[in-house]
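Enquirer: Here you go, one structure.
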Amino acid sequence: MIKLAKYLKPYLLALLFAVALLVCQALCDLNLPNFMSNIVSTGIQQGGIADAAPEAISARGFDFMLRFVPQEEQTLWQNSYTKVPAGSDPSYATSYPLAATGDIYVRSPVSKNSLSQLNQSFGKATWTFLKVAEEIAAQSGPSTQGQQGLEQVDMSQLYALSPMLDQFPQEVLHKAQQEAASIQDLMLNQSGIAMVRNFYRELGMDLQGIQTRYILNNGLIMLAVALGGGVCTVLVTLLASRIAAGVARDLRKDIFRKVIRFSNNEFDQFSTASLITRTTNDITQLQMLVIMGIRILCSAPIMGAGGIVMALRKSVSMSWVIALSVIVLIGFIGVVLAVAMPKFKKMQSLIDRLNLVARENLNGLMVIRAFGTEDFEKERYETANRNLSKVQLFGNRQMMLMMPTMMFIMNATSLLIVWIGAHQIANSSMQVGDMIAFMQYAMQIIMAFLFISMMFIIVPRAAVSGKRIQEVLSTESSVLDPQNPQPFDPSQTGVVEFKNVSFRYHGADENVLENISFTAKPGQTTALIGSTGSGKSTLINLIPRFYDVTQGEVTVNGVNVKDVAQHDLRKIIGYVPQKGVLHKGTIASNLRYGDQNASLEQIETAAEVAQAMDFIRQKPEGMDSPISAGGGNVSGGQKQRLSIARALVTKPDIYIFDDSFSALDFKTDAALRHALKDYTSDSTVLIVAQRVGTIRHAEQILVLDKGKIVGMGTHEQLLTSCPTYYEIAASQLSKEELEA
C-alpha cells in the first residue's frame, strides 16, 4: 500500500486543497452548535442581550448600581463608561430616547478581557443589590420592592430606596459583596442581564427589537456557515472523486503496460482471471479507499478532536459522558472487526475463483454442451458463487449490526446528557443552549469515531487489493532488453541458429529442451515434427524471446537474441501462433495489425497467398466485413488463414508457423504451401506441424522426441535414418507414399 502512495504524487496540490477544504468544512460544522447555543441561550432566554454590563445606562441607574460595587472596581466602571449630558448628542436619542431629556452613560469600546471583567463586576453588583434588598425586605415587610423579581422593576421605586441604602450598615454591604464574589459566573451573568433589561426599558429601548435582531443576525450567520460547509463538502467530494479516478486510471495504465511486457513465464505465474480481477475489482477497492480516505481519514480526526475541545468548553463536568460513549463504541467496533476482518481478507481470492470459473465456462461453452456437463458446471459455478455470497453476507450482517447499535449509543448518550444537563440547568451552572450544543458535539464525536471505524473495514480490503496490484507491478519480466542493444549483421539476414540450447520452465526440475543445435537459412523451409509434448512449440517460442534459453544461445541474423531489442527482433519475424487470435474490428484492420500503412493491394495479395480471398469475396462488405472479439464469427480454418495473411503482410525476414495449418483441409493446405513457397522464397520459414504431408517437401526437417533432436534431414533421408520419423510417417501415409 505504501509503495502505491506514489500514485498520489501528481495530485498533491489537489490533495492539499481538499485537506484545506476539509478543515474549512470541519470548522463550519463545529461552529454550528455554537450559533444554536447562542440563539437559544442569548437570543431566547436572555432576550438578545449578551452582556451583563449594559451598553448604555441612565445616570441615575449608574449612580444607583455604583454604590454596590467594591471600591477597587469602581475605577473600572468609571473608565469604561462616558457620561453624555441630556440632549448633547441627537444621535444617541435615536437609540436611547431617554438621552434627549436625561443624562446617560455610554459604554466605551473596551477589550474583550476588560468587557469580561466588567460583566462580572456588574453581575456581582446586581447580586449584592439583591442581597441588600432581602435585608431591607426582612426589616420593612413583604411589601418592599426587594422581594420582587428583576423581570419588571419599577425604576422610580427602586431609586426611592437610595436614601435608605445610603444609611444601610456598611458591614451588611461588605458581607453581601463577599457572598456575591462566591457565586458562579453564570448565575451572576444571568442576574446582571435581568437587571440590564430594566435599565434598557428605562432608556426607552425596543427590547423586542433587540431580541429579534439578535436571533436574525445569528440565524443568517448560521445559515451562511452551513452553506459554506455544504460548498466545501461538495468541492471535497468532487476533488476526491477526480483524484481517485486519476489514481485508478494510472494504476490500470501501469498494470496494462506491465502485463504487455510480461514474458510467458509471468503469464504462467498469474492466471488470466486473476489479472482481470486485479485490473478491475482490486483497483476499484483502492479507488474507494482514496475517495473515503480523503473524505473521512482527514475530516474525522479533525471533527473528533475539534468536537472534544468544543464540548469541554461548554461543560467539563459532563466530559465523562462522551468518554463512556466512545469507549463503548470502540469496544463494539473492535469486536465486529475481529470477527469480520478475516472474511473481508478472504473475499478477493473468492472473487478470483468466481471469475476463473465464469471465464472457463464461457470459453468452453461448446465443449460443455458437447459432453452434456451443464449440470456439473452449474454446480461448480454455484459453489464458487455460494462461497463468495456467504462471505459477503457474513460481513454485511456484521455491518448491519453497527447502525442500530450506533443509534442506541447515540440516543442513550443524548438521554444521559439531557438528564445530567437538566440538573445543572436547575442549579444555574449550565444554560439550555449550552446543553444542546454539548449534545450536538457529542454526536459529532461519536460519528467521527464511527467514520474512523468504517475505514478499518475499507483499509484491510484495500490493503489486500493493493498487495495483489503491487505483486503485478513489482514482477519484472524475465525477458528484458539489453542496456546497449546490438544491431543485426546485414550479411546474415534471416539466419536462425540454435547453439547447444537447453531450456526448462521456471520452477521445473528437468529441462524441456536438451542440447538443441541447428541452423535455419533464408530461402529454405525448416520444419519441426514430433509427438505431442516433445517441445516443438517451446523451441519455436525461444526465437522471438517469448522465453529465454536456460543454456546455450539462439542467434538471429548473426546476433544473440538476448543482445538485441525485443521490438527490433520481433519486427523481422512473422509469427502465426498455434491458436489463431483475431481482434475486434474488420478483416482489413486485422490484416493491417502488423503494418498500419499497408495498402489494399498488399493485404489482398497476402490474403490471396493465405487462401483467404475466396471467403472474403463471398462477404458483402469484403475487406470491411466485421470481426468479433477473438474472431468468434469466423470458422477455425478461416481464422487460421487470416492469421497467416496477417503475418505475410509485414514481409518479414523470418516466418514462424506454429502448427498453423491444422484446421485446413488437405486441398487448401496444399494450395497454401504452394503459394507460400513463392511468396517467402527470400525468407527463412520455420514450420511446426503434426502432418507429414505439410512438411515433406521442406529442405530441413527436425524430429523431436522428449526435448531432444533425434533426427535431422529431408523427408527421404529421415525415412531411412530416423525410426521416430518413420513411425510418424507410417501412421499418416500409405505404403505406396512411403516408398515413393
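Enquirer: Return the subset of Lys253/Lys346; Lys3/Lys258; Lys619/Lys667; Lys258/Lys639 for which the Cα-Cα distance in this structure is over 19 Å, preserving the input order.
Expert: The pairs that break the limit, which is 19 Å between Cα atoms, are Lys253/Lys346; Lys619/Lys667; Lys258/Lys639.
Enquirer: Give, in nm to one decimal, the length gained when the segment between Glu374 and Glu727 is fully stretched (0.36 nm per residue of separation minus the Cα-Cα distance).
Expert: Working it through step by step, the gained length comes to 123.1 nm.
Enquirer: Can you give me the P(r) profile for region 609-740? Cα pairs, bins 5 angstrom wide beginning at 0, each as a whole percent.
Expert: It works out to 2, 9, 18, 20, 17, 15, 10, 5, 4, 1, 0, in whole percents.
Enquirer: On to the next question. With a cut-off of 8 Å between alpha carbons and a minimum separation of six or more residues, what is the relative contact order of the chain in percent?
Expert: Worked out over the chain, it gives 13 percent.
Enquirer: So, one more: Bin width 5 Å, alpha-carbon pairs only: give the P(r) of region 600-679 as whole percents, running from 0 to the bin holding the largest distance.
Expert: 3, 15, 28, 28, 17, 9, 1
Enquirer: Here's a follow-up. State whether region 1-61 is rounded, prolate or oblate according to the following rule on the C-alpha gyration tensor (a ≥ b ≥ c being the square roots of its eigenvalues): a/c under 1.5 gives rounded; otherwise a/b larger than b/c gives prolate, and the remaining case gives oblate.
Expert: Note, shape of region 1-61 comes out prolate.
Enquirer: I would also like to ask the following. Please compute the length gained on full extension between Leu600 and Gln470, using 0.36 nm multiplied by the number of residues separating them and subtracting their Cα-Cα distance.
Expert: Here the answer is 42.4 nm.
Enquirer: Which value results for Rg/Rh of region 499-540 when Rg is the Cα radius of gyration and Rh the Kirkwood radius based on the inverse mean 1/r?
Expert: With Rh from the inverse mean 1/r over Cα pairs, Rg/Rh is 1.01.
Enquirer: Now, a different point. Beyond 20 Å, what share of the Cα-Cα pairs of region 239-369 remains, rounded to the nearest whole percent?
Expert: 68 percent
Enquirer: Which lysines have a Cα less than 24 Å from the Cα of Lys175, not counting those fewer than 8 places away in the same chain?
Expert: Lys124, Lys131
Enquirer: For n ≥ 4 DSSP H runs only, could you compute -39500 (n - 2.57) per run for the chain, divide by its residues and tell me the 222 nm figure to the nearest 500?
Expert: Calculated mean residue ellipticity at 222 nm is -20000 deg cm²/dmol.
Enquirer: Follow-up question, since we're still on this one. Please compare each pair in Lys499/Lys562; Lys521/Lys571; Lys521/Lys579; Lys499/Lys706 to a cut-off of 22 Å on the Cα-Cα distance and tell me which ones are over it.
Expert: Among Lys499/Lys562; Lys521/Lys571; Lys521/Lys579; Lys499/Lys706, the Cα-Cα distance tops 22 Å for Lys521/Lys579.
Enquirer: Once the Cβ-Cβ distance between Glu382 and Gln618 is put in as r, and R0 is 56 Å, what FRET efficiency do you end up with, to the nearest 0.05?
Expert: That gives a FRET efficiency of 0.80.
Enquirer: At R0 = 30 Å, how high is the FRET efficiency between Leu66 and Gln157 if r is their beta carbon distance? Nearest 0.05 is fine.
Expert: It comes out at approximately 0.95.
Enquirer: Run the numbers for Met454 and Met407: contour at 0.36 nm per residue of separation, minus the present Cα-Cα distance, in nm.
Expert: Result for the pair: 15.4 nm of gain on full extension.
Enquirer: Would you mind checking which residues have amide H under 5 Å from Ser58's amide H? H placed 1.01 Å from N; only 5 or more apart, or other chain.
Expert: Under 5 Å from the amide H of Ser58: Tyr105.
Enquirer: I'd like the FRET efficiency for Phe17 and Ala422, computed as 1/(1 + (r/R0)^6) with the beta carbon distance as r and R0 of 30 Å, rounded to 0.05.
Expert: 0.10
Enquirer: Same structure again: Return the percentage of antiparallel bridges among DSSP beta bridges fully within the chain, rounded to the nearest 5 %.
Expert: 60 percent
Enquirer: Report for region 545-666 the percent antiparallel among DSSP-assigned beta bridges with both residues inside it, nearest 5.
Expert: Expressed as a percentage, antiparallel bridges in region 545-666 total about 50.
Enquirer: Where in the chain are the DSSP H helices whose C-alpha atoms run 24 Å or more along the long axis and whose mean Kyte hydropathy is at least -1.0?
Expert: Membrane-span-like by this rule: 12-38, 112-140, 185-203, 207-260, 319-363, 374-426, 432-474.
Enquirer: For region 576-616 and region 1-36, what is the separation of their C-alpha centers, rounded to whole Å?
Expert: Result: 54 Å between the Cα centres.
Enquirer: How are the C-alpha pair distances of the chain spread across 10 Å bins, as whole percents from the shortest bin up?
Expert: Pair shares across the bins are 2, 10, 14, 14, 11, 9, 8, 7, 6, 6, 6, 4, 2, 1, 0, 0.
Enquirer: Could you please report the charge total around Ile573, scoring K, R as +1 and D, E as -1 over all other residues with beta-carbon less than 11 angstrom from its beta-carbon?
Expert: Here the count lands on +1.
Enquirer: Roughly speaking, what is the centre-to-centre gap between region 665-740 and region 274-296 when only Cα atoms are used, to the nearest Å?
Expert: 53 Å
Enquirer: Do me a favour and compute the ellipsoid semi-axes for region 166-282 from its Cα gyration tensor, root of five times each eigenvalue, largest one first, whole Å.
Expert: Output for region 166-282: semi-axes of 76, 22, 8 Å.
Enquirer: State, to one decimal in nm, how far the label point of Leu324 lies from the label point of Asn264, with both points 7 Å from Cα in the Cβ direction.
Expert: 7.1 nm
Enquirer: Give the shape of region 9-118 as rounded, prolate or oblate, defined through the alpha-carbon gyration tensor: a ≥ b ≥ c are the square roots of its eigenvalues, a/c under 1.5 means rounded, and otherwise the shape is prolate if a/b is larger than b/c and oblate if not.
Expert: In terms of gyration-tensor shape, prolate.
Enquirer: Give me the 1.4 Å probe accessible area per residue for region 22-170, excluding ligands and nucleic acids, in Å².
Expert: For region 22-170, the per-residue accessible area is 47 Å².
Enquirer: At 7 Å along the Cα-to-beta-carbon direction for both Asn560 and Asp166, put a label point, then send me their distance in nm to one decimal.
Expert: Going from the Asn560 label point to the Asp166 one covers 11.9 nm.
The values are calculated or read from the model by the stated rules, or taken from the named source; none is laboratory data. As the structure is a computational prediction, the values presented were derived from the model and not from experiment. Heads up, the Cβs are rebuilt from the backbone with ideal geometry, glycines too, and the neighbour counts pull from every protein chain shown. Heavy atoms of the whole protein, side chains included, go into the accessibility calculation; ligands, DNA and RNA do not. Shrake-Rupley method; radii C 1.70, N 1.55, O 1.52, S 1.80 Å.
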